[in-house]
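Okay, structure first, notes after.
The values are calculated or read from the model by the stated rules, or taken from the named source; none is laboratory data. Quantities reported herein were computed from a predicted structural model and do not represent experimental measurements. Don't worry about glycine lacking a Cβ; one is built from the backbone with ideal geometry, like all the others, and counts go over all protein chains shown. Surface accessibility is based on the protein's heavy atoms, side chains included, excluding ligands, DNA and RNA. Shrake-Rupley method; radii C 1.70, N 1.55, O 1.52, S 1.80 Å.
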Amino acid sequence: MSGQIDDLPPLREVISRHGLAAKKSLGQNFLLDLNLTSRIARQAGPLEGHDVVEVGPGPGGLTRAILANGARKLVAIERDPRCMEALAEIAAHYPGRLEVVEGDALEADYSDMVKAPVRIISNLPYNVATPLLTGWLAGAQWPPFYVSMTLMFQKEVAERICAASGSKAYGRLSILAQWRCEAHIAFDVSPKAFTPPPKVTSSIVVLEPRPEPLPCDVRKLEAVTRAAFGQRRKMLRAALKPLGGTELLDKAGIDGERRAENLEVAEFVALANALGEIRKG
Ligand code: SAM
């Protein structure tokens with residue numbers, strides 16, 4: 001099924017005309033239903049008056065939905081040169097609104113190409129999804145260059161991003177994401193929606209930057225969460241020994257008999273700040 005969101009050709013035809021057989025090595029699972037890609041684009045909030053960054057446009061299903069839903073300008077970063085002609089056809093249909101950067105999104109610098117307010121919307125390649133998200137979350141500049149991120153992940157990763165303390169999925173990614181953003185799962189997407197279908201269910205996650213996250217150095221926060229969750233079954237007294245153990249915990253006012261998965265985000269921030277004080281002193 002292909003929705004009537006524009007009068008460009010159906011995605012199946014685009015894929016066969018340009019020889020875009022999906023490559024596993026590039027994490028290619030394409031969405032061909034433009035009603036579904038429109039639903040994803042709409043989760044981001046209003047697109048009129050916003051620039052959008054999309055990683056991995058592929059044959060352009062989500063790209064077309066973002067443009068049809070009114071984005072002022074879309075910068076799309078795609079690593080696969082085979083997709084360039086198909087994307088050029090979309091650019092011609094929306095003059096002056098789509099710029100395609102051919103390259104690796106982990107390396108590309110597109111910050112000068114977009115103007116505030118910016119939304120990130122992407123059906124991420126699963127093999128680089130977590131490093132991309134971490135990069136967007138851990139930047140030195142806050143508030144960041146974007147006002148929202150609407151991203152597709154494997155459901156298991158989406159649950160880790162949004163997990164509450166005390167749950168099995170709660171870990172380093174939950175702390176980093178929730179320290180700086182409000183995050184929620186908008187809806188799940190069945191493997192059947194993709195060509196080819198992946199093995200697992202996916203989920204759309206929406207993240208909105210907190211204007212004033214609790215003050216703390218992101219590298220120290222990463223250091224304490226790495227140590228604490230590296231040995232999540234152990235008491236914090238033991239897991240945090242390499243970073244100062246009891247001295248660190250006392251400074252942060254946290255009981256060393258607790259375990260990482262039961263600490264709130266604010267308590268990890270207290271540990272990160274205590275680590276800063278110990279290293280200074
Ligand atoms: N947006 C399309 C859709 O929803 O149908 C394609 C999504 S597919 C899951 C991921 C896309 O990311 C592919 O087109 C792939 O070629 C591209 N890709 C993979 N690694 C990339 C990277 N490091 N930088 C930019 N694009 C990448």
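FRET efficiency for the pair Glu48 and Ser165, taken as 1/(1 + (r/R0)^6) with r the Cβ-Cβ distance and R0 = 41 Å, rounds to 0.65.
Leaving out ligands and nucleic acids, and using a 1.4 Å probe, what accessible area per residue does segment 1-98 come to in Å²? Please report the intermediate quantities before stating the final value.
Working: 4080 Å² over 98 residues.
Here the residues of segment 1-98 average 42 Å² of exposed surface.
Only helices enter the 222 nm calculation for the chain: every DSSP H run of n ≥ 4 contributes -39,500 (n - 2.57), and dividing by all residues gives -10500 deg cm²/dmol, rounded to 500. Quarter the surface of the alpha carbon convex hull of segment 55-177 and you get the mean projected area, 8.1 square nanometres.
What number, in percent, do you get for the relative contact order of segment 11-209 if the mean sequence gap of Cα pairs under 8 Å and at least 6 apart is divided by its residue count?
Details: 391 pairs, mean separation 41.5, N = 199.
Relative contact order here is 21 percent.
Placing unit charges on the Cβ atoms only, positive for Lys and Arg and negative for Asp and Glu, gives the chain a dipole magnitude near 920 debye about its Cα centre. Do any trypsin sites (Lys or Arg not before Pro) in segment 140-204 lie in a DSSP loop with no more than 12 other beta carbon atoms within 10 Å, and if so, which? Those that pass, being in a loop and sparsely packed, are Lys168, Lys199. Computed in the context of the full set of protein chains, the accessible area of the chain at 1.4 Å probe radius has 51% of its extent on carbon or sulfur.
Legend: residue pairs Lys155/Lys241; Lys24/Lys155; Lys241/Lys280, Cα-Cα distance threshold 28 Å; pairs beyond threshold, Lys155/Lys241.
For segment 218-280, the Cβ-based charge dipole about the Cα centre amounts to some 320 debye (Lys, Arg positive; Asp, Glu negative; other atoms uncharged). Translational diffusion of segment 218-280 was estimated from the Stokes-Einstein equation, with Rh taken as the Kirkwood radius over Cα pairs; at 4 °C and 1.567 mPa s the coefficient is 118 µm²/s. With every protein chain kept in place and ligands, DNA and RNA left out, what is the accessible area per residue of segment 218-280? Probe 1.4 Å, answer in Å². Counting only protein heavy atoms, the per-residue value for segment 218-280 is 52 Å². Considering only Glu107, Glu99, Glu48, the mean-square fluctuation computed in a Gaussian network model of the chain, springs between alpha carbons under 10 angstrom, is largest for Glu107.
Here the ratio of the Cα radius of gyration of the chain to 2.2 N^0.38 Å is 1.11.
Set the Förster distance to 35 Å, then compute FRET efficiency between Glu102 and Arg210 from the Cβ-Cβ distance, nearest 0.05.
Working: r = 34 Å, r/R0 = 0.97.
It comes to 0.55.
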